[in-house]
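Beneath this line is the structure, given in structure tokens, with notes to follow.
The values are calculated or read from the model by the stated rules, or taken from the named source; none is laboratory data. Just so it is clear, the structure is predicted and the values come from calculations on it, not from any experiment. So basically every Cβ, Gly included, is an ideal-geometry build from the backbone, and we count neighbours across all protein chains shown.
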Amino acid sequence: MCMDVPVPQDYLLSSEELCFERDDRRVFEGINLRLKAGEMALIEGPNGCGKTTLMRLLATLLSPTSGALHYRGEPLEKVRYEYLADLLYIGHQSAVKLALSPEENLAWMAASEGIRDPESVRAALRSMGLGAVYDLPCHQLSAGQVRRVALARLVLTRAKLWLLDEPLTALDTEGIGLITGRLQGHLDSGGAIVLISHQDLAIGAVRKYDLSKRCA
Amino acid sequence: MIYQSDVPSMTDLARTPSFSAYVRRDVLLAYRRLGDTVAPLIFFSMVCALVPLGLSPDPQRLSEIAPGIMWIMALLATLLSIERIFAFDFEDGSLEQLLIAPQLIALPILAKIVAHWLVTGLPLTLLSPLLGMTLSLPTSAYPAMLLSLAIGSAYLSAVGAVGASLTVSLGRGGLLLPLLVVPLYMPIMIFGTATVFYAVDGLHWSGPLAAMGAMLCAAVALCPLAAAAALRVTSA
């Protein structure tokens, strides 16, 4: 357990000696993440080194074995709801319902953030190149298009901190370009991003964390 | 992840979808997968239609076993479908999104229970007079059967949700879920069949029905909380 060292307020998100064990096997240890507004943390490492586990820890879906997480300098347990309200997490499973259309999916995701404007949902879908298929059931779409539906949230969301677990999977070059632009826009407007990606993105202000040295 | 933390603020709650929005969404999803949704109902009807063929077409004998048969079938039909209350959401990641929503997740879970009842328990209840006829249930017992099935199936959905939340990460088709919830279904089934038997015998049946109502109240109050706590552990 780490000591309770005061964390500077200017870090949006920080972790201190974060360690996670699963079934007595140490997945990783000593993660000291420092993320300010306007920065992106890129989590790298080979397959199976715990990148997604770290992401799920940051999303509070798992709790760390030891170590601490701070949001705006406050321990996460104290500001949990404030943190969750500022958070956008898109995991491997993108929460897109295949039985629903892109419009219905995105409208629901937007509604869960309090955005209930059908026109902005349509506009977001158009900007992701889904204008022609907005009313088809998602099981008729390609994997890349389904990804785009999930990522259309990035156009709408007001969340400050984005946790994105390999968002570029199945996207084509144009899609990657769209997302890169959106990520850069978010950073420019004072947001922060934690990203897992195996691709190099043309984005400034990136802190890289290589998990391969941290895993047991 | 279990955090001792304060409750979400009113602004957080106002941002998240309303209770009825959650119910509508789940009912819509069930409607889009109509085949899956009606399968338990067809199963329920088919087995009830088999009973007169397999046992005896004698109305006297049938009416003696009809309440029990209908209740067992209602229970099995619920067991067939309750797994899906969280399974789809677990597979496509919606459950993760639910767990990290800045709100008390017991509320959406209660909404999912209500939606499950609307697409399983309620149609089953409405279908039951038809099956009562094939089983020669006396007409005087219909009100008791309808009310007991309506209340009882809601209880089955609520308690089943706890079982489903405990087994959601284990994959589909397991026998663990029935093993977990069938013991918890026994009390409601005893009172449910008692209600209908009393009505068949011409006795006052409000007593067992009131007991069922009390059990439903307790289940509605406690099961969403239990399921919420279980989901935080199992889906981690």
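Evaluate the following for B:Pro52: is it outside any helix (DSSP H, G or I) and surrounded by fewer than 22 Cβ atoms within 10 Å (Cβ to Cβ)?
no
Here is a list of conditions, (1) exposed (fewer than 14 other Cβ atoms within 10 Å of the Cβ); (2) at negative phi, and B:Gly171 meets all of them except one; can you say which number that is?
(2)
Here is a yes/no grid of residues against (1) surrounded by 15 or more Cβ atoms within 10 Å (Cβ to Cβ); (2) within 18 Å of the chain's Cα centre (by Cα); (3) in contact (Cβ under 8 Å) with a residue 40 or more places away in the chain:
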| site | (1), (2), (3) |
| --- | --- |
| B:Leu127 | yes, yes, yes |
| B:Ala158 | yes, yes, yes |
| B:Leu176 | no, yes, no |
| B:Gly192 | yes, yes, yes |
| B:Gly202 | no, no, yes |
| B:Ala210 | no, no, no |
| B:Ala226 | yes, yes, yes |
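Picking from A:Ala202, A:Ala152, A:Ala170, A:Ala192, which residue would you name as being out of contact with any strand residue (DSSP E or B) (no Cβ under 9 Å at 6 or more places or on another chain), farther than 22 Å from A:Val96 by Cβ and of a type in the set (A, V, I, L, M)?
Step by step, each of A:Ala202, A:Ala152, A:Ala170, A:Ala192 is checked, and only A:Ala202 is out of contact with any strand residue (DSSP E or B) (no Cβ under 9 Å at 6 or more places or on another chain), farther than 22 Å from A:Val96 by Cβ and of a type in the set (A, V, I, L, M).
Would it be correct to say that B:Thr11 is at pLDDT below 90 and buried (at least 20 other Cβ atoms within 10 Å of the Cβ)?
Taking the combined requirement at face value, the residue does not satisfy it.
I'd like the full set of residues that are over 15 Å from the mean Cα position of the chain (by Cα) and either part of a loop (DSSP other than H, G, I, E, B) or more than 7 Å from every other protein chain (Cβ to nearest Cβ) (or both), limited to the stretch A:70-90.
Result: A:His70, A:Tyr71, A:Arg72, A:Gly73, A:Glu74, A:Pro75, A:Leu76, A:Glu77, A:Lys78, A:Val79, A:Glu82.
Give the number of residues within the stretch B:100-118 that are part of a helix (DSSP H, G or I) and over 15 Å from B:Ala87 (Cβ atoms).
Here the count works out to 8.
Assigned to a helix (DSSP H, G or I) and within 18 Å of B:Leu216 (Cα to Cα): is that true of B:Ala154 in this structure?
So B:Ala154 fits the description; yes.
Pick from A:Arg122, A:Arg56, A:Arg126, A:Arg116: which is farther than 27 Å from A:Leu171 by Cα and either of a type in the set (Lys, Arg) or in contact with a Gly (Cβ under 7 Å, 6 or more places away or on another chain) (or both)?
A:Arg116
Inside the stretch B:195-218, can you point out the residues that are touching a helix residue (DSSP H, G or I) at 6+ places or on another chain (Cβ under 7 Å), at pLDDT 95 or above and among the small types (Gly, Ala, Ser)?
Scanning the stretch B:195-218 gives B:Ala211, B:Gly213.
Sort through B:Arg32, B:Arg25 and tell me the only one that's of a type in the set (Lys, Arg), surrounded by fewer than 21 Cβ atoms within 10 Å (Cβ to Cβ) and at pLDDT 90 or above.
B:Arg32
Give the stretch A:30-65 a look and list any residue that's assigned to a loop (DSSP other than H, G, I, E, B), crowded, with 17+ Cβ neighbours inside 10 Å and away from chain B (no Cβ under 14 Å), or say none.
Listed by number, the residues that qualify are A:Leu33, A:Glu39, A:Gly45, A:Cys49, A:Gly50.
Kindly indicate whether A:Leu163 is touching a Phe, Trp or Tyr at 6+ places or on another chain (Cβ under 6 Å) and crowded, with 18+ Cβ neighbours inside 10 Å.
In short, yes.
Between a first residue in the stretch B:25-45 that is under 24 Å from B:Leu95 (Cα atoms) and a second residue that is of a type in the set (Asp, Glu) and part of a helix (DSSP H, G or I), which pairs have beta carbons less than 7 Å apart while being 6 or more apart in sequence or on different chains?
Cβ pairs passing all conditions: none.
For B:Pro57, indicate whether it is away from chain A (no Cβ under 14 Å) and in a helix (DSSP H, G or I).
No; evaluated as a whole, the condition is false for this residue.
If you scan the stretch A:91-150, which residues turn out to be within 18 Å of the chain's Cα centre (by Cα), basic (Lys, Arg) and within 13 Å of chain B (Cβ to nearest Cβ)?
Answer for the stretch A:91-150, where residues must be within 18 Å of the chain's Cα centre (by Cα), basic (Lys, Arg) and within 13 Å of chain B (Cβ to nearest Cβ): just A:Arg147.
Residues to consider are B:Ile82, B:Ile42, B:Ile2; find the one that is modelled with pLDDT of 90 or more and surrounded by fewer than 16 Cβ atoms within 10 Å (Cβ to Cβ).
Result of the check over B:Ile82, B:Ile42, B:Ile2: B:Ile42.
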